[in-house]
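Below is one structure, written out as C-alpha cells; the observations come after it.
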Amino acid sequence: TQETDRTEQSHPDTAETAYLAVDGMHCSTCEVFLESEACRRDGIYDAEASYAAETIKLVYDPEERTEGDLLDVVSGMGYHARKRDDQPYQDAGAVSRLLVGGIFGMMVMMQYVALVYPTYFDSGLYYPPAQAEMIAEMLGATSASYFYIVMGIITSVVLFYTGGPILKGAYVSLRMGQPNMDLLVGLAASAAWAYSTLAIFVGESHIYYDVTVGVILAVTAGSYYENEIKQRATDRLAELTDAQTDTA
C-alpha cells in the first residue's frame, strides 16, 4: 500500500521534516496532487498531505531547501501554505465569489422566470394567451440572439469566477486521474454553458444557462457553508486545548 511504501522508504540521515498548514484543500484529490507535485521538486524526498487536518508533512534536504522555500513550493501549487502556528489564511475571495455569483446569477434567473420558463408550459398558464404568444415569438426571432448573448456573458462570470475553485478541482482530478465531485459538477456546468453558447450561434432557442448558474451557485454556497462550519469546529477545538489543565 501507499502507506507501507512511505514507511519503508529511507531518507538520508541529514533529512529534516517540516509540517505545514495548507489552506485551500477541498477534497482528497488535493492530497494526492500536493504529494505528487511536492515530490517532483528538487530537495524534497517525501510528502504526505491530509485534507482532514489541512496539513502537509515534507521530508526535505536542508542543504537545498529552507522552511521558507517549502512555503513557497506549496503555495506555488495554487494553495496557501503557512506555519501551523500562524493564523489561518482568510480567503476574502470566497465571499466575493459568492456575492458576485449570487447577483449575476439572479440576473440570469430572473430572465428565465419572467420570459423563458413561460414558453415551456401551455399558453396562458403564466400570461394571457396573446402575451404568451408574443413572448414566444420574440424569443424565437433572430434578434433574440442578442438577448441570449448578454445572458451568456453574465453566466460566464458565474462559471469562471464564482466557479473557479470548482474548475480548478476538476483540473486537478483529471491531472491525477482520480475523478471527484468537482469534475462531475464542472462537467455539468461547463457542458450546459458550452452547448448553450453554441446553440445561440446556430439559431437554437433552447438555452440552458440556468443549469450552469444553478449548479455553480448551489455547490459554491454549500462549500462555503461547509468551510465555515469546519473553521468554527477547529476554533472550538483550539479553545478546548488551551483550556486543558497541565498541572494539578
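The values are calculated or read from the model by the stated rules, or taken from the named source; none is laboratory data. Please read all numbers here as calculations on a predicted model, not as lab measurements. Don't worry about glycine lacking a Cβ; one is built from the backbone with ideal geometry, like all the others, and counts go over all protein chains shown. In case anyone asks, the SASA skips ligands and DNA or RNA and just uses the protein heavy atoms, side chains included. Shrake-Rupley method; radii C 1.70, N 1.55, O 1.52, S 1.80 Å.
Does region 86-97 include one or more residues that are open to solvent by less than 70 Å² (accessible area, probe 1.4 Å), of a type outside the set (Val, Ile, Thr) and modelled with pLDDT of 85 or more? Taking every residue of region 86-97 in turn, at least one turns out to be open to solvent by less than 70 Å² (accessible area, probe 1.4 Å), of a type outside the set (Val, Ile, Thr) and modelled with pLDDT of 85 or more. Take the conditions (1) open to solvent by 20 Å² or more (accessible area, probe 1.4 Å); (2) under 18 Å from GLY24 (Cβ atoms); (3) among the acidic types (Asp, Glu); ASP182 misses just one of them, which is (1). Filtering region 151-170 to residues that are more than 10 Å from the chain's Cα centre (by Cα) and either at pLDDT below 90 or open to solvent by less than 10 Å² (accessible area, probe 1.4 Å) (or both) leaves MET151, GLY152, THR155, VAL158, LEU159.
Every residue in region 17-48 that is part of a loop (DSSP other than H, G, I, E, B), over 30 Å from VAL219 (Cα atoms) and open to solvent by 60 Å² or more (accessible area, probe 1.4 Å), please. Answer for region 17-48, where residues must be part of a loop (DSSP other than H, G, I, E, B), over 30 Å from VAL219 (Cα atoms) and open to solvent by 60 Å² or more (accessible area, probe 1.4 Å): ARG41, ASP42. Out of curiosity, is TYR79 within 18 Å of the chain's Cα centre (by Cα) and at pLDDT below 85? In short, yes.
Of the residues THR119, THR197, which single one is under 29 Å from VAL100 (Cα atoms), within 27 Å of the chain's Cα centre (by Cα), among the β-branched types (Val, Ile, Thr) and open to solvent by less than 80 Å² (accessible area, probe 1.4 Å)? Walk me through how you get there before you give the answer.
On the way: THR119 fails: within 27 Å of the chain's Cα centre (by Cα).
The unique qualifying residue is THR197.
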